[in-house]
Structures are given as C-alpha cells and as structure tokens.
Amino acid sequence: MTERERMALHRGLATWGERLVPLADFRRAAAAAGRDLSPEERAAALRAATAVLPDTTPVEGPWSRIAVCGGIYNNHLGLAALLDDAARRGAEAVYCLGDLGGFGPSPEKVWPLLLQGDVRTIQGNYEESLASGREDCNCGYTDPRDNHFAAVSYGYTARHASADFKAWMGRLPMRRRVRVGERELLLVHGSPRRINEFLFASTAPVPFLETLLDRNACDALLCTHTGLHWHRRLPSGRDVVNVGVIGRPANDGTTAVWYALLDARPGGGLAVELVPLAYDHPALAAEMRREGLPEEFVETILTGWWTTCLEILPARERALSRY
Amino acid sequence: MNTLATEQLPTPGTAPGVELRALDTLWFQVAGTVCNLACTHCFVSCSPTNHTHEMLSLAAVERSLAEATALGVREVYFTGGEPFLNPEMEAILAATLKVAPATVLTNGLLLSPERAARLAALAAGSEYSLDLRVSLDGWDAESNDPIRGAGTFDRILAGVRNLAAAGLNPVLTVTDVCREASSDAGKERFFALLRGIGIDRPRLKVLPVFQIGAEAERAGAYESWQRLRAGETPEDGWDHLQCSACRMVTDQGVWVCPILVNEPAARMGSTLADALGPFALDHPACWTCHVYGVSCKT
Ligand code: SF4
Ligand code: SF4
C-alpha cells in the first residue's frame with residue numbers, strides 16, 4: 001500500500017482488529033460492550049476502589065520531636081553529623097528510611113553508628129537486594145551509562161558489607177507507624193505501595209497523595225528513595241514529606257545533605273522542617289578516592305550536582321539539574 | 001501504531017482476568033484516531049480519514065479528570081492520532097496540569113516555535129511535570145521516512161529543535177522496527193543525533209513492536225498458541241501489565257488500555273466508575289504485553 005492509499009483508507013470505515021468495517025458497525029459493537037452501572041453501583045465502585053487497606057504495623061511513640069533521614073549510601077560521616085545535629089536539636093528518636101549502602105565508601109562503618117545511635121531503620125530496596133543476594137539494586141535503569149554506574153555502586157557495597165550486616169538488614173521492618181503528638185505517621189522507603197516507587201514532587205499530585213493517605217489511614221506519609229527532599233501540605237491538612245537523603249547532595253549545586261525534623265504542635269498539629277546538614281564532605285571524597293570509587297561519584301560529593309542516574313528525574317526536576 | 005492481527009476473540013471466560021489495582025495512569029485518545037500521518041506500523045491505524053474515535057473536547061476531558069482525581073490518579077497521558085490536531089489541546093493541557101503531571105505523545109510535525117514557547121510557559125507555570133514524547137523511526141531520512149512518510153525526518157527534527165530552543169527536553173520514542181535501536185550502540189547513535197541539534201541531556205525510549213498490521217504481514221501474525229490462558233497467572237500477578245493500573249478514555253467511552261481501542265470488546269463502559277472491574281486478557285496483544293513487558297508509558 002502506498003502512503004497516499006493509507007491516508008485515504010478509512011473513508012466511512014473503521015479498523016476492527018485487522019478488518020475494515022463500516023464505521024457504524026464498529027460504533028454499534030462498541031456501544032454494546034462493557035457495562036453501564038447505576039448511580040448507586042458507581043458510588044459503590046468508587047468506594048471499593050479507594051477503601052482502606054489492612055495494615056497491622058504496630059504504632060511507636062508517642063514522641064514530641066523526631067528526626068527522620070533517608071538514604072545513607074555508606075556516608076558514615078554524614079550519619080555521624082546527623083546524629084549530633086538531631087541530638088542538639090532535641091530529637092527524642094531518630095528514624096532511617098533505608099538504602100544504607102551504595103555510592104559511598106566502606107559500607108561496614110555505618111552499622112555501629114546505627115546501633116549506637118539507636119536509629120530505628122526500615123528496609124530500602126538496597127537492603128532488600130543485599131539481604132536476598134540479588135545481583136543488582138533493583139533500580140531498573142535503561143540508560144547503559146546509568147546501569148554501569150549503578151552496577152559499580154551496588155557491586156562495591158555487596159562485596160564490602162559483612163554477611164552479619166546483610167542478615168541484620170534483612171530483619172529490618174518494611175514500614176513503621178509512629179505517633180508524633182496526635183498525628184500518626186507512616187514511614188516507608190519508596191511509597192506505601194512499592195519499595196521502589198519514586199515519589200517526586202512534580203509527579204506526586206495532590207489527588208494521588210490524598211487517596212494514598214486515605215487508603216493507608218495515616219496523617220502523614222514519610223518517604224525517601226528519590227534523593228530529593230520535598231514537603232507538601234495537602235488540602236486535607238495532612239502532610240507528605242520526602243525526607244531526602246544524607247548520602248549525597250540534592251542536585252542543587254550545594255554540598256549539604258538533607259533530613260527532616262517532625263514536631264508535635266500544641267493543638268494537635270505537626271510541624272515539618274527540612275534541614276540542610278553540613279558534614280566533612282572533603283574527607284568523604286578523599287576516602288572514596290582511596291577506595292577506588294568512580295570520579296563521577298566524587299564529583300557529586302564535591303560539587304552538589306548529580307552526574308549519574310539522572311534518568312529517574314521527571315521533566316521538572318531534570319530541568320533544574322546541571323547534567 | 002497499527003492494526004492488531006486478530007481473528008474473532010475466543011470464548012469469554014477462558015482467559016485470565018486482570019484486576020485494576022489503582023487508577024495510576026489515565027489515557028486520553030485526545031485526537032481520536034485522526035492523524036496527519038499514516039505510518040506503516042501504527043497499531044491504531046491512524047490517518048487523516050480514520051474517524052473510528054473522534055477528538056475529545058475540553059469539557060469531556062474535564063469530566064473524566066474530575067472522576068479520575070476522586071480515584072487518586074497519578075499521571076495523565078495524551079495520544080491519538082496526533083494530539084496537536086485537537087484545537088483545544090493547549091487548553092486541555094493547562095486544565096490537566098492543575099491537577100496532575102501530563103505527557104503528550106506527538107509525531108512532532110505541529111511543534112512550531114510559537115507552540116513550543118507556549119508549551120514551555122505551561123510547563124514552567126505548573127508544579128507538575130509536562131513531558132513531550134516525539135516519535136522517530138530512524139537516524140536519517142532513509143531509515144525513518146519509509147515508515148513515517150516522505151519528508152517526515154526533517155520535519156520531526158525541526159519540531160524537536162523548536163522544543164529544545166524553548167527549553168523543553170522531549171523523550172525521543174523509537175520502536176524496534178528500527179532493528180538496532182535497542183542495542184547500546186544504536187541508542188548511542190540516537191543520543192548523538194540529539195546532541196547534534198543542541199540537546200545535551202538526550203532522552204530515549206525504545207518500544208517493542210506488536211506483531212500487528214503491516215508488521216504482521218511482514219513478520220507473520222500471531223499464532224493460536226500466542227494467547228494467555230486461565231491458570232497461567234504468574235506468581236507475582238499481573239502488576240507488570242499496564243492494564244492493572246490504567247484506563248483509556250475516548251469519545252466512544254472508557255477502554256481497558258491504549259492498545260486495544262480498535263477492539264469493541266475492550267470497551268468497559270461509559271464512565272471510569274463503570275470501568276474499575278477486572279478485564280479478561282482475551283487478546284493476542286495481551287500475550288505480547290505479558291511476554292515482552294510492554295508499557296506505553298515513558
Ligand atoms: S504519527 Fe503516531 S498516531 Fe500518527 S500514524 Fe504515525 S504512529 Fe500512528
Ligand atoms: S493489550 Fe496489554 S495492556 Fe491491553 S488489556 Fe491486553 S495485556 Fe492489558
């Protein structure tokens with residue numbers, strides 16, 4: 001068939017599977033298919049689709065002030081700085097949302113800090129992969145360059161973390177529920193639905209988040225996994241906080257890393273503060289070089305700009321990045 | 001996109017059913033099946049004369065958006081045909097970007113510098129992402145034009161250049177009709193093409209082809225064993241199929257997914273609420289989705 005013939009093929013006709021049929025025949029068959037519900041049935045279908053999901057996670061606390069950090073990525077210097085900062089600011093408990101390894105140097109150094117600091121940790125996709133002996137970090141990149149660096153990063157951590165540490169990771173819970181004042185917070189790694197679901201500010205719209213909080217029956221949702229921190233107060237008054245990560249800077253040209261402070265407010269509310277954290281980043285960069293980690297990773301620590309794995313960024317976040 | 005090679009659908013009840021776990025992705029057949037091209041591999045058989053599905057009005061899109069926001073929709077995709085043939089397309093995007101991130105699948109022919117600037121302004125004015133996906137089927141006119149039409153390579157690239165000049169970074173979509181596209185070297189060639197026109201952070205998506213339409217004539221249509229059967233549900237369920245988290249709205253009603261809009265049996269009802277039930281994977285295209293893990297999303 002020529003291009004011209006293809007252009008004119010459908011006059012008065014419709015494609016039904018692989019056949020051409022009179023348009024009216026297609027329309028009639030389509031109109032007869034499916035089901036049209038009554039108004040009551042539609043309301044019931046909507047209720048069923050947004051019903052609360054069962055969850056038996058015990059509730060911890062109540063606290064009046066907690067610190068919550070995301071991916072540590074082997075940054076033991078960042079973690080030490082966080083523990084100091086959180087104590088100085090009066091946090092009663094410190095939580096970590098997973099992704100302890102990858103990217104940075106010397107995985108084993110993070111473990112004693114977590115234990116000594118009584119950091120209440122959940123599993124990220126890194127822990128899930130390491131504990132189950134997976135070959136990769138389950139990040140699912142498609143760009144060959146991103147895949148290369150993800151493999152370097154995961155392989156290094158998999159080789160240098162002890163079997164005991166990995167077994168400990170595998171015993172961490174997948175989620176926690178925490179009371180801060182009168183609010184119940186749900187802590188997850190990616191999203192309540194999937195450990196590796198990305199919640200970026202520009203692709204986590206308000207209607208989606210309201211429904212997510214409804215279905216998971218919580219007053220606030222805390223997550224990480226994207227590497228970028230953000231906070232959205234929903235029209236319902238509830239909060240969604242991506243606490244960011246303390247493992248590498250937030251792709252903004254500064255070397256600070258980020259965590260979140262959550263505070264009970266008199267009257268039952270919740271105050272959310274995203275906190276930039278300075279740490280000895282030149283020392284981390286030097287250690288990464290000694291360990292033979294890629295110069296691309298070191299550059300991120302020293303400049304604050306991501307150099308790899310940028311494909312996960314949605315259009316809006318990507319437009320703000322250097323690479 | 002292209003016609004699906006299929007005989008009559010098999011007896012209902014023999015295929016496994018997929019539940020909708022959440023309405024994450026709402027698709028709009030916003031230009032219907034009307035396109036300014038008639039590509040040989042179009043699996044919806046779009047063309048200037050194909051009115052199987054007609055264009056959607058802003059009012060119709062807003063009705064479905066309202067329904068979808070109550071269901072917690074996460075993202076909205078627009079396809080056709082060619083979305084920018086719809087005279088209300090920019091107003092539709094503006095309305096959508098107030099509630100959710102949006103992606104437009106376009107053939108790139110109607111992206112003038114003026115339109116590109118208006119789209120960039122829409123993107124800058126929203127807290128949600130706006131993505132444009134431009135289809136191309138080769139590195140040069142010689143490989144692309146036999147599939148997409150005479151002269152299209154240059155016109156598509158002009159559209160991409162206009163987007164880049166306005167500060168937008170589109171995702172280039174290539175089907176593996178272009179044989180080498182999925183290899184690392186093939187991807188690198190597309191990246192180089194994009195860098196050559198000033199996009200220093202190029203983005204690419206490679207889609208597998210369905211054994212359908214012209215592709216079916218060339219490579220052979222589906223055979224009878226290429227069907228999903230009851231009891232074949234994989235251990236971790238059907239979450240990898242996009243129909244477990246999407247629905248498609250056209251002017252003819254709500255359909256299960258963007259692939260089966262040429263199958264009347266894939267119409268599920270008039271409103272999204274009608275279409276929240278399970279869908280039986282009765283179509284050979286479902287076999288492709290399952291085996292190759294196809295997703296039309298970026
Ligand atoms: S541009 Fe897209 S919709 Fe139009 S004919 Fe080609 S593949 Fe089909
Ligand atoms: S064609 Fe693919 S997305 Fe559509 S119903 Fe079949 S399996 Fe689901």
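The values are calculated or read from the model by the stated rules, or taken from the named source; none is laboratory data. No experiment lies behind these values; they were computed from the predicted model shown. Cβ atoms come from the backbone with ideal geometry, glycine included; neighbour counts cover every protein chain shown. Accessible surface areas use protein heavy atoms only, side chains included; no ligands, DNA or RNA. Shrake-Rupley method; radii C 1.70, N 1.55, O 1.52, S 1.80 Å.
Would you calculate the convex hull of the Cα atoms in chain A and tell me its volume per residue in Å³?
Working: hull volume 63.2 nm³, N = 323.
Cα convex hull per residue, to the nearest whole number: 196 Å³.
Note down, for region B:69-162, the three equivalent ellipsoid semi-axes (square root of 5 times each alpha carbon gyration tensor eigenvalue), biggest first, whole angstrom.
In descending order the semi-axes read 27, 14, 11 Å.
First select every other residue whose beta carbon is under 14 angstrom from the beta carbon of A:A86; then total the charges, Lys and Arg +1, Asp and Glu -1. Mind dumping the intermediate values first?
Working: positive: A:R65, A:R88, A:R89, A:R120; negative: A:D84, A:D85, A:E92, A:D118, A:D263, A:E273.
Net charge around A:A86: -2.
For B:270-280, what's the mean count of beta carbons from other chains sitting within 10 Å of each residue's beta carbon?
Neighbouring Cβ atoms belonging to other protein chains average 4 per residue here.
Whole angstrom only: what separates the Cα centroid of region B:28-62 from the Cα centroid of region A:70-90?
Answer, in whole Å: 54.
Could you order the peptides B:120-128, A:309-317 from most to least packed, using the average number of other C-beta atoms within 10 Å per residue?
Highest mean packing first, the order is A:309-317, B:120-128.
Straight-line reach only, C-alpha to C-alpha below 24 angstrom: list the lysines that B:K205 could link to, leaving out same-chain residues fewer than 8 apart.
Result set, ordered by chain and number: B:K187, B:K297.
Only sites in a loop by DSSP and with at most 14 other Cβ atoms within 10 Å count here; which trypsin sites (Lys or Arg not before Pro) in region B:227-267 make the cut?
Taking region B:227-267 and a limit of 14 other Cβ atoms within 10 Å, the loop trypsin sites (Lys or Arg not before Pro) found are B:R229.
Can you tell me which of A:A256, A:A167, A:A220 moves the most in a GNM of chain A? Springs connect C-alpha atoms under 10 Å apart.
Maximum among the listed residues: A:A167.
Determine the equivalent ellipsoid of region A:167-210 by diagonalising the alpha-carbon gyration tensor, then write out the semi-axes as square roots of 5 times the eigenvalues, largest first, rounded to whole Å. Don't skip to the end; give the middle numbers.
Working: eigenvalues 98, 62, 9 Å².
Semi-axis lengths for region A:167-210 are 22, 18, 7 Å.
Using a 10 Å cut-off around each Cβ of peptide B:121-131, what is the average number of partner chain Cβ atoms that fall inside?
4
Who wins for biggest fluctuation among A:C96, A:C218, A:C69 in a Gaussian network model of chain A, springs between alpha carbons below 10 Å?
Looking only at A:C96, A:C218, A:C69, the biggest GNM fluctuation is shown by A:C218.
Given the rule -39500 (n - 2.57) for each run of at least 4 DSSP H residues, summed and divided by the residues of chain B, what is its mean residue ellipticity at 222 nm, to the nearest 500 deg cm²/dmol?
Numbers: 8 runs with 85 residues, N = 298.
Result for chain B: -8500 deg cm²/dmol, rounded to the nearest 500.
Given H placed 1.01 Å from N in the peptide plane, which residues other than close sequence neighbours of B:T103 have an amide H under 5 Å from its amide H?
Counting only residues 5 or more places away or on other chains, the set is B:V76, B:Y77, B:F78, B:D131.
Would you please name the trypsin sites (Lys or Arg not before Pro) within region A:1-108 that are DSSP coil residues with at most 16 other C-beta atoms within 10 Å of their C-beta?
A:R11, A:R35, A:R89
For region B:15-292, what is the accessible area per residue in Å², given a 1.4 Å probe and the full set of protein chains?
Roughly 34 Å² per residue, with all protein chains present.
Could you identify which residue out of A:A30, A:A278, A:A45 has the top mean-square fluctuation in a GNM of chain A using Cα springs shorter than 10 Å?
A:A30
Run the reach check for A:K166 against lysines, Cα to Cα strictly under 25 Å, same-chain hits fewer than 8 apart removed. What comes back?
A:K109
Largest first and in whole Å, give the semi-axes of chain B's equivalent ellipsoid, each being the square root of 5 times a Cα gyration tensor eigenvalue.
Details: eigenvalues 171, 115, 59 Å².
Working from the Cα gyration tensor, I get semi-axes of 29, 24, 17 Å.
What accessible area, summed over both chains, is buried at the B-A interface (1.4 Å probe, Å², nearest 100)?
In total, this chain pair buries about 4500 Å².
Ordered by residue, what ³J(HN,Hα) values in Hz, to whole numbers, does region B:284-290 give under the Karplus form 6.51 cos²θ - 1.76 cosθ + 1.60, where θ = phi - 60° and Gly and Pro are x?
Working through the residues one at a time gives x, 4, 5, 4, 4, 3, 5 Hz.
At q = 0.23 Å⁻¹, what log₁₀ I(q)/I(0) does a Debye calculation on the Cα points of region A:173-266 give, no solvent, two decimals?
-1.25
Taking all protein chains as present, what is the carbon and sulfur share of the accessible area of the protein assembly as shown, in % to the nearest whole number, probe 1.4 Å?
Working: 12660 of 23730 Å².
The computed percentage sits at 53.
Using a 10 Å cut-off on Cβ to Cβ distances, tally the other chain neighbours for every residue of A:310-323 and report the average as a whole number.
Partner-chain Cβ atoms within 10 Å, mean over residues of A:310-323: 4.
Whole-Hz Karplus ³J(HN,Hα) for region B:38-49, in order, using 6.51 cos²θ - 1.76 cosθ + 1.60 and θ = phi - 60°, x for Gly and Pro?
9, 5, 5, 10, 5, 7, 10, 6, 6, 5, x, 9
Calculate the radius of gyration of the Cα atoms of region B:146-205 to one decimal place, then report Dmax, the largest Cα-Cα distance, as a whole number, both in Å.
Final numbers for Rg and Dmax: 11.6, 32 Å.
Amide H neighbours of B:S47 under 5 Å, counting only residues 5+ apart in sequence or on other chains, H built in-plane at 1.01 Å?
Sorted by chain and number, the residues that satisfy this are B:C35.
Bin all alpha-carbon pair distances of region A:57-179 at 5 Å intervals from 0 and give each bin's fraction as a whole percent.
Percent of Cα pairs in each bin: 2, 11, 21, 22, 18, 13, 8, 4, 1, 0.
Rg to Rh ratio, region B:23-92, alpha-carbon atoms and Kirkwood radius?
1.01
Work the Kirkwood hydrodynamic radius out for the protein assembly as shown: mean of 1/r over every pair of different alpha-carbon atoms, inverted, in Å.
25.8 Å
Per-residue ellipticity at 222 nm for chain A, helices alone: DSSP H runs ≥ 4 residues times -39500 (n - 2.57), over residue total, nearest 500 deg cm²/dmol?
The helix contribution divided over chain A gives -10000 deg cm²/dmol.
Excluding ligands, DNA and RNA, what is the solvent-accessible area per residue of region A:202-323 at a probe of 1.4 Å, expressed in Å²?
Spelled out: the 1.4 Å probe surface of region A:202-323, per residue, equals 33 Å².
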